[in-house]
Amino acid sequence: MKRVSILGSTGSIGTNTLDVLGRHPDRYEVFALSAMNRVDELLAQVLRWKPRLAVMPDEAKAHELRARLKEAGSRTEVLGGAQALCDIASHPGVDVVMAAIVGAAGLAPALAAARAGKRLLLANKEAIVLGGAFFMHAVEEGGATLLPIDSEHSAIFQCLPEDRTQWARRIDHIVLTASGGPFRTRDPRTLSDVTPEQAVAHPNWVMGRKISVDSATMMNKALEVIEARWLFDLKPDQIRVLIHPQSIVHSMVVCRDQSVLAQLGTPDMRVPIAYGLSFPERITSGASRLDLLAGKDLSFEEADEHRFPGLFLSWQALRGAEGSAAILNAANEETVAAFLDRGLRFDRIAQINRQCLEELQATHDEVASVDGLLSLDARTRRHAQGLIVRATR
Ligand code: NAD
Ligand code: MG
């Protein structure tokens, strides 16, 4: 029996993870659940899954959850505070940690799981984009098993041999596929009028709000390029992105001999989640079967720089000075939050992200430790906020 902690259990990845776990009660047990805001949802999850621990980083919310669980006769212990997220990620009673918090807030608990040598299922791409080499080092030092949950990276991982030492010799380059999001065919000149509702309405995937906006700007793919650089130890020019509107080919590995390996399936995050849980075995995921005769053509196109300027910032960050990826990620978290709050125009997201990338440079101290990176993250957010205020005046 494997015991699982879910960081961000009320989110889109979190609930999909619980769905897969529920299909395999003989193999997995929920050890801990956590959420930021939604007390009602976490309460319902705790009553259904009866974990040993439940965490809410906000102490007042933790207090409310504790009281309501007590009333309901639950024996789950509730912990409050951000440190508690690290505790459930590194607890000796845990085998598997699903890192499904959104944003840089997930870095510390993901690192805690890595250092404690857990099987670490990484959905939280911002954590690896920010943590970079430190993140990979923690995985290695802790003896953790890092498994990608992002569907593209899971696809690449599934196309590679289990023995990682063979990867470098095998890979010529990889192709990350992108759906192109809701604005793939929209006139780029009209992108200034886009509303949050339009931006989060993804054609193929149902996801959290932040990643949905990232998909609309293709900043999601930019973060995924950086994520792939670390997960598969690639150079910037070994990572290519193609738009594939059907979201059936989840990504491809082009081998040294020019053989192309792809992973296909219906767009359903339960497939990469199930693979992360059961690797190297395979378990049922609940996903529906891909109907190859359904008449969907598979098409591929190059991403247009005018429509998706954010995408190209990834290579700029990878080729830039150390700390550039952390700057890009922090700027994007701020611009997306401002857009969702109706405080910033959609087309300004990539502009301000680029400005932060070009105007800021990490100091030596900021790239010498994880704490340094977190202060670079905070400094970039302040800089981005200034630019956002100016852009909306
Ligand atoms: P979501 O917004 O639906 O859920 C986020 C979860 O994290 C929630 O449970 C929330 O309570 C918790 N959370 C948010 N901020 C927090 C904080 N500061 N501290 C602690 N907990 C916090 O997001 P999602 O769509 O599930 O995405 C989660 C991560 O997975 C993101 O990094 C995203 O890029 C990645 N991802 C998601 C999908 C998808 O299909 N949804 C696919 C690939 C990758
Ligand atoms: Mg993805």
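The values are calculated or read from the model by the stated rules, or taken from the named source; none is laboratory data. Computed from a prediction, not measured in an experiment: that's the story for all the values here. Positions of Cβ are generated from backbone atoms using ideal geometry, with glycine treated the same way; all protein chains shown enter the neighbour counts.
Is one or more of the residues making up region 149-158 more than 19 Å from Ser375 (Cα to Cα), among the acidic types (Asp, Glu), assigned to a helix (DSSP H, G or I) and out of contact with any Pro (no Cβ under 8 Å at 6 or more places or on another chain)?
Looking for residues that are more than 19 Å from Ser375 (Cα to Cα), among the acidic types (Asp, Glu), assigned to a helix (DSSP H, G or I) and out of contact with any Pro (no Cβ under 8 Å at 6 or more places or on another chain), one finds at least one in region 149-158, hence yes.
Scan region 148-161 residue by residue and report those that are touching a residue at least 40 places away in the same chain (Cβ under 8 Å) and more than 13 Å from ligand 1 (Cβ to nearest atom).
Across region 148-161, the qualifying residues are Ile156, Phe157, Gln158, Cys159, Leu160.
Within region 250-263, does at least one residue satisfy the condition of being at pLDDT 95 or above and within 12 Å of ligand 2 (Cβ to nearest atom)?
yes
For Thr190, indicate whether it is in a loop (DSSP other than H, G, I, E, B), more than 15 Å from ligand 2 (Cβ to nearest atom), out of contact with any helix residue (DSSP H, G or I) (no Cβ under 6 Å at 6 or more places or on another chain) and farther than 29 Å from Arg256 by Cα.
Against the criterion (in a loop (DSSP other than H, G, I, E, B), more than 15 Å from ligand 2 (Cβ to nearest atom), out of contact with any helix residue (DSSP H, G or I) (no Cβ under 6 Å at 6 or more places or on another chain) and farther than 29 Å from Arg256 by Cα), Thr190 does not qualify.
If you go through region 195-208 one residue at a time, do you hit one that is in a helix (DSSP H, G or I) and surrounded by fewer than 15 Cβ atoms within 10 Å (Cβ to Cβ)?
Yes, that holds for at least one residue.
Which pairs have Cβ atoms under 6 Å, sit 6 or more apart or on different chains, and link a residue in region 48-70 that is surrounded by 21 or more Cβ atoms within 10 Å (Cβ to Cβ) to one that is aromatic (Phe, Trp, Tyr)?
Taking only residues 6 or more apart or on different chains, the pairs are Pro51/Phe31.
Name the residues in region 7-38 that are within 13 Å of ligand 1 (Cβ to nearest atom) and either assigned to a loop (DSSP other than H, G, I, E, B) or surrounded by fewer than 18 Cβ atoms within 10 Å (Cβ to Cβ) (or both), would you?
Hits for region 7-38 are Gly8, Ser9, Thr10, Gly11, Thr15, Asp19, Ala35, Met36, Asn37, Arg38.
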